[in-house]
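Quick notes on the structure that follows.
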Amino acid sequence: MSSDNDDVARRDFLMVAAGSVAGVGGACALWPLIDQMNPDASAKALASIEVDLSPIKDGQAITIMWRGKPIFIRKRTADDIKAAQEIPVSDLPDPEADTDRVQNDEWLVLIGICTHLGCIPRGQAAGDVHGDFGGWFCPCHGSHYDTSGRIRKGPAPKNLAVPPYKFLTDTKIKIG
Amino acid sequence: MSDHSSTYEPTNGFTRWLDERLPIMRLMHGQFIDFPTPRNLNYLWTFGAILTFCLAIQLITGIVLAMHFIPHGDFAFASVEHIMRDVNWGDLIRYTHFVGASMFFLAAYIHMFRGLYFGSYKSPREIIWILGVLIILCMIITAFMGYSLVWGQMSFWAVTVITNLFTAIPIVGESITQWIWGGYSVGDPTLNRLFSLHYLFPFIIVALVALHIWALHVVGSNNPTGVEPKTENDSVSFYPYYVIKDSFATMVFALLFAWFVFYAPNYLGHSDNFIEANPLQTPPHIVPEWYFLPFYAILRAIPDKLLGVVTMMAAICVLFIIPWLDTSKIRSTRYRPLLKPFFWLFVITCLVLGYCGAKSPDYRFVEMADTQKYTSKAAAVSAKEEILSKNKHADLEIIESINSKEITYDLKNTKFKLTNQVLSLLLTFYYFAFFFAIMPIVGLIETPHKLPGSIAESVLGKSSADKAQ
Ligand code: HEM
Ligand code: FES
């Protein structure tokens, strides 16, 4: 009788042990197969660029590529800055002060990808529409961004993202 | 599978030898020759065969295309053009694959509405139905991935918009999206994996189709009356009756297919896809292929990003549970007078949703407005102020128009408008109400028409059916 019970307990233990080894082993083997899809070393290597800002005039904007994404760099006019700083932060759909989004009031650096579903908003070229708030307008589903790149109207949930960057000199920044 | 295999007689030495080792001929004979099938199936029941035909066409043309296609961001677009211009018969093969995707969805949607109308999802056919929903899900994924391979503007931006749906997932959305991209945006690694998976998925579909037909052959086909066969008199053997009927229908379908391939191959496509992908410029109006339009309309109808994505997924996934949402014991809508109008309204809803998906979100289906002409901007603005002072909710717009002589300012006062956004939302509401409210409630309160006593009776009339017994 007692030896029967021992047998059951032993078999249970073996089942659990074997099951755990197989489970953990399987999970460990799966990880490389999943992780291989993440951005690889060559994608990460492209991760930083330097941009010379000196040719950009007041009110002008340029678009450059960083990690396959368009980066909007805009030299804001005094009016742009005023409009961005005047509006009470609490009135915004995604509240964020203009001063938290720039390192230097004149220079606005943004990832130019609509936070709704990833289209490129218009408003970079001189003749473009700028939307109702003087910044950018996304034609895909109608999101309006202001002169700080913040969402003001439309389906996009968030402000245009600010990429990591730093000023190397007064007229040169490094993105990434 | 059931025991319909016994009439198989191997006719020569080889088949006898084979039958003792691998009774595959016996299996085929039982399932596709002798198989008893309700005698009253109409042409809507031929779409299963038509779908099998479509799947075969996609596999054959796809494997051939893959011999010439280059899954690399710099070469994909050019390689598709190379297929079109240089490869022997390349244009025919590519157009067949491209039109084939549309034909496949056309047949699949008819097949699904057939199942919905005749209650083919009800016990004991739930598993057949669920496998079908899995197949349409895989088809959607496959067609989306295939479309991306062309690497034109529409391909690129469709991939961008659809992969960005995953960013709606809280917290991990961003990492999942980058994992799908294999980078920080849609690019070369993305294209390469989409190609790999576009090659894989059709074979998953083949496996699902095999299970679908297996499950079908366990319980047998439903039929337009929804009454199960009771006597031998209710069924006929699959061969020759349905082999001929299915073949004939497939031929007719192939004529339509061929008409598109030879006379209007690009009719169902979008001209922006003849422009190579440009990550710096979004086309002014992104639309998916026609077969995704209803789902796209549902996605855009909901103003919240996460909720929009969830609703769109739910629109397909709700199909998994309808065997349990429908409370009626009667299968065929023929005998369900109360459900019938709701069913047709549902069909119309799906079609109009497709139309909404093709139009821009602020398109106005109905608009009633007064327009007043002014010659100076100041006059138009002051008129606008005046109306606003009386009614601060007035919907006013000043439209500047320039013709050869002068500039005029039209003050448009919109009294009533039905925008795409609002209509899509109403239709989305009905789409879900049909499953979650109408199906359960109608089944409980409806008095169905009297069902025929048997399939034979419905075909031959009562007296001759009795005689034939
Ligand atoms: C369930 C079946 C399938 C569906 C619904 C489907 C759908 C599609 C679609 C919509 C396209 C874009 C067509 C265009 O714009 O020209 C496409 C392209 C492509 N498909 Fe498929 N496909 C299927 C099966 C296959 C298979 C089995 C293969 C090969 C193994 C394949 C290989 C390709 C290739 C190489 C392309 C890109 C070339 C082109 O643009 O024509 N497909 N597919
Ligand atoms: S992607 Fe910009 S509004 Fe939808």
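Converting phi to 3J(HN,Hα) with the Karplus coefficients 6.51, -1.76 and 1.60 and the offset θ = phi - 60°, region B:104-116 yields 4, 5, 4, 5, 5, 5, 4, 4, 6, 5, 4, x, 5 Hz in sequence order, with x at every glycine or proline. Dipole check for chain B: with +1 at the C-beta of Lys and Arg, -1 at the C-beta of Asp and Glu, and the Cα centre as origin, the magnitude is about 1160 Debye. Per residue of peptide B:155-167, the mean number of Cβ atoms on other chains within 10 Å of the residue Cβ is 3.
Counting only other chain Cβ atoms within 10 Å of each residue's Cβ, the peptide B:274-287 averages 3. About its Cα centre, region B:35-285 has a charge dipole of approximately 620 debye under the convention of +1 per Lys or Arg Cβ and -1 per Asp or Glu Cβ, with nothing else charged.
How would A:150, B:364 line up by accessible area, probe 1.4 Å, largest first? Spell out each step's value before the answer.
Details: A:150 0, B:364 70 Å².
So, going from the largest accessible area down, we get B:364, A:150.
The residues of chain A expose, per residue, 54 Å² of accessible area to a 1.4 Å probe. The simple spin-label model puts a point 7 Å past each Cα toward its Cβ; for residue A:7 and residue B:379 those points are separated by 10.6 nm.
Using heavy-atom solvent-accessible surface (probe 1.4 Å) with all chains present, what is the largest-first order of B:289, B:397, B:126?
On the way: B:289 10, B:397 80, B:126 40 Å².
Greatest to least solvent exposure: B:397, B:126, B:289.
Chain A and chain B together bury an accessible surface of about 2200 square angstrom, both sides counted, with a 1.4 Å probe and no ligands or nucleic acids included. Let me check against my output: what whole-number percent is the relative contact order of chain A, with C-alpha pairs under 8 Å and at least 6 apart? Result for chain A is 19 percent.
With 50 Å² as the minimum drop in accessible area between chain alone and full protein complex (1.4 Å probe), the qualifying residues in region B:177-192 are B:179, B:184. If I compute solvent accessible area with a 1.4 Å probe over the protein chains, what percent of it on the protein assembly as shown is carbon and sulfur? Accessible surface attributable to carbon and sulfur in the protein assembly as shown totals 65 percent.
Backbone amide hydrogens, once placed in the peptide plane, bring residue B:236 within less than 5 Å of B:37, B:39, excluding anything fewer than 5 places away on its chain. Paramagnetic label reach from residue B:109 (point 7 Å along Cα→Cβ; backbone nitrogen cut-off under 16 Å): within region B:143-160, residues B:143-144.
The mean count of C-beta atoms from other chains within 10 Å of the C-beta of residues in B:42-52, rounded to a whole number, is 0. Listed by chain and number, the aspartates and glutamates whose alpha-carbon sits under 17 Å from that of residue B:392, ignoring those within fewer than 8 places in the same chain, are B:370.
Coupling constants for region B:165-175 follow from the phi torsions by the Karplus curve (6.51 cos²θ - 1.76 cosθ + 1.60, θ = phi - 60°), and in residue order they are 4, 5, 5, 6, 5, x, 6, 8, x, 4, 5 Hz; glycine and proline get x. For residue B:75, the accessible area of its heavy atoms, probed at 1.4 Å with every protein chain present, is near 110 square angstrom. Considering helices alone, the calculated mean residue ellipticity of chain B at 222 nm is -19000 deg cm²/dmol, with DSSP H runs of length four and up weighted by -39500 (n - 2.57) and normalised per residue. Select from A:13, A:72, A:137 the residue whose mean-square fluctuation is largest in a Gaussian network model of chain A (Cα-Cα springs shorter than 10 Å). Greatest mean-square fluctuation among the candidates belongs to A:13. Taking label points 7 Å from Cα along the Cα-to-Cβ direction, residue B:86 and residue A:14 give a separation of 6.4 nm.
Provide the per residue accessible area, probe 1.4 Å, for region B:253-340, rounded to a whole number of square angstrom. Please list the in-between numbers first.
On the way: 4200 Å² over 88 residues.
On a per-residue basis, 48 Å².
Under a model in which nothing but the beta-carbon of Lys, Arg (+1) and Asp, Glu (-1) is charged, region A:1-92 shows a dipole of about 520 debye around its Cα centre. Highest mobility in the GNM of chain A, judged by mean-square fluctuation with C-alpha springs under 10 Å and restricted to A:106, A:86, A:50, is found for A:86. Between the helical axis of A:2-35 and the longest alpha-carbon principal axis of chain A there is an angle of about 30 degrees. Taking a virtual spin label 7 Å from the Cα of residue B:436 along the C-beta vector, which residues in region B:108-124 bring their backbone nitrogen under 14 Å of it? Hits in region B:108-124 for residue B:436 at 14 Å: none.
Accessible area of residue B:274 (1.4 Å probe, protein heavy atoms only, ligands and nucleic acids ignored): about 110 Å². Taking every protein chain into account, the 1.4 Å probe leaves residue A:40 with about 70 Å² of accessible area, to the nearest ten.
At 10 °C and a viscosity of 1.306 mPa s, what translational diffusion coefficient does Stokes-Einstein give for the protein assembly as shown, taking Rh as the Kirkwood radius over Cα pairs? Give it in µm²/s as a whole number.
Numbers: Rh = 29.5 Å.
D = 54 µm²/s.
Near residue A:66, the amide H atoms lying under 5 Å from its own belong to A:71; only residues 5 or more places off or on other chains count, and H is placed 1.01 Å from N. Of A:76, B:16, A:67, the residue with the largest accessible area leads and the full order is B:16, A:67, A:76 (1.4 Å probe).
What number, in percent, do you get for the relative contact order of chain B if the mean sequence gap of Cα pairs under 8 Å and at least 6 apart is divided by its residue count?
Details: 596 pairs, mean separation 90.7, N = 469.
Relative contact order comes out at 19 percent.
The values are calculated or read from the model by the stated rules, or taken from the named source; none is laboratory data. Keep in mind it's a predicted model, so treat the numbers as computed, not measured. Virtual Cβ from ideal backbone geometry, glycine too; neighbours counted across all protein chains shown. To get the accessible areas, we keep the full protein, side chains included, count just its heavy atoms, and leave off ligands, DNA and RNA. Shrake-Rupley method; radii C 1.70, N 1.55, O 1.52, S 1.80 Å.
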